[in-house]
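First up is the structure itself, then whatever we jot down about it.
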Amino acid sequence: MLEIAQFGAGRIGQIHASNIAAMKDVRLRYVVDVNAEAAQKLAARHGARVVSEREAFADGKVDAVLIASSTDTHARLAIEAARAGKAIFCEKPIDLSLRKVDECLREVESAGVPMFVGFNRRFDPSFAALKNRLDQGEIGAVEQVVISSRDPAPPPLAYLKVSGGMFRDMTIHDFDMARWLLGEEPVEVFAMGEALVDRKIAAAGDIDSAMVLLRTASDRMCHINNSRRAAYGYDQRIEVFGAKGMLRAENIGETTVEHFSARGTASDRPLDFFLERYAEAYRAEMAAFVLALRNQTPMPVGAADGRQALVLAEAALQSLKKKRAVKLG
């Protein structure tokens, strides 16, 4: 039985806890959260116990920790987990500071514990199938990648003020997808961004609309489109163009029903919430984490992946401020 201690009983923590509970030979042993009521409710739902951080790390029966608490706690908890010899599943980002991420990664490497970073979109069934066909050479050498990622509506301003900004909070998923699909590390970043949706977001020091261009050393290109608002739902699409053709993964609608008439055709709008859209991805990433632990194989998305996505986010922020392309060393 694989025993897991989970830090964080909020929205994403509830999803992870449910996925753990549905797995065979895996048990949610502890829940840790500063909100005692939320922790107790989640623990009771899945037969776990509420304990302190110290108790969770000190228990030798805990094999792994799942960090789904607030972003500002991720690096600290990952370091404590590494020092306690626990495997780590950490929600993105590891931290908003590259310095703190590097400190965390040094501790993890020194301890020799495996660390998984929750870039769940890699595990979406359609995206994973596209990547598999790409790796099989179905469209030849990759030349262009287009990623469209638009939220249905902006999050609360209170959240935006502590999120680290659009590139670190939202686009960071797309930076990870870009690296994954390009098959090479970007060496140049050019970003544009504005507050086109809500000027209050600009007043809070952030943007809500962005376009980012990435280029690799072999001149493969990626274009990322972001918006905090899409009137038609949660817009999540990827397109990879290669020497022999193109692969594309489209949005997932509420149903697959289409209406055909003399006036034209119509289908349902895309799913409206990320927890619904990526429900399968969250289940699959947890299964991948557990499988890697059991087989003692490398994590499919590791700590270095978390760092590289943040490096691209920082470069995009520099590009936005300087209004020019930023080259990476």
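The values are calculated or read from the model by the stated rules, or taken from the named source; none is laboratory data. Everything numeric here is computed off the predicted structure, so don't read it as measured data. Methodologically, a virtual Cβ is constructed for each residue, glycine included, from the backbone with ideal geometry; neighbour enumeration extends over all protein chains shown. Side chains included, ligands, DNA and RNA excluded: accessible areas come from the protein's heavy atoms. Shrake-Rupley method; radii C 1.70, N 1.55, O 1.52, S 1.80 Å.
Observations on the structure shown:
- Solvent-accessible ranking of 198, 176, largest area first, probe 1.4 Å: 198, 176
- Amide N proximity, the stretch 71-97 versus residue 294 label position 7 Å along Cα-to-Cβ, cut-off under 18 Å: 87-89
- Calculated [θ] (222 nm, deg cm²/dmol) that DSSP helices of n ≥ 4 give over the chain, each run adding -39,500 (n - 2.57): -12000 deg cm²/dmol
- Dipole of the stretch 25-103, positive direction: furthest Cα of 42, 71, 96, with charges on the beta-carbon: 42
- Rounded to the nearest 20, the size of the Cβ-charge dipole of the chain about its Cα centre is 300 debye, with Lys and Arg at +1 and Asp and Glu at -1.
- Under 30 Å of direct C-alpha separation, and excluding same-chain neighbours fewer than eight residues apart, residue 321 reaches these lysines: 92, 100, 161, 200.
- The distance from the alpha carbon centre of the stretch 121-192 to that of the stretch 279-329 is 10 Å, rounded to a whole number.
- Antiparallel %, DSSP beta bridges [both residues in the chain], to 5: 55
- Over all projection directions, the Cα-based convex hull of the stretch 174-329 averages an area of 13.3 nm².
- Spin-label model distance (nm) - residue 44 vs residue 250, 7 Å beyond Cα toward Cβ: 4.6
- Percent accessible area from carbon and sulfur atoms, the stretch 228-301, protein chains only, probe 1.4 Å: 53
- If you take all other residues with their beta carbon under 11 Å from the beta carbon of residue 244, and give Lys and Arg +1 and Asp and Glu -1, the sum is -2.
- Once the 1.4 Å probe is applied to the protein heavy atoms, the stretch 103-256 comes out at 44 Å² accessible per residue.
- Largest accessible area first, the listed residues 168, 133, 307 line up as 133, 307, 168 when surface is computed with a 1.4 Å probe on the assembled protein chains.
- Residue-count net charge about residue 219 - beta-carbon cut-off 14 Å; Lys, Arg +1, Asp, Glu -1: -1
- Virtual spin-label span in nm between residue 325 and residue 194, 7 Å along Cα→Cβ: 2.3
- Diffusion of the chain by Stokes-Einstein, at 4 °C in a medium of 1.567 mPa s and with Rh set to the Kirkwood radius over alpha-carbon pairs, works out to 62 µm²/s.
- Lysines with Cα under 21 Å of residue 244, excluding same-chain neighbours fewer than 8 positions away: 131
- Label zone at residue 223, where the point sits 7 Å out along the Cα-to-Cβ direction: the stretch 144-172 residues whose backbone N lies under 17 Å: 144-150
- Partners of residue 61 within straight-line reach, counting aspartates and glutamates whose Cα lies under 12 Å from its Cα and excluding those fewer than 8 residues away in the same chain: 3.
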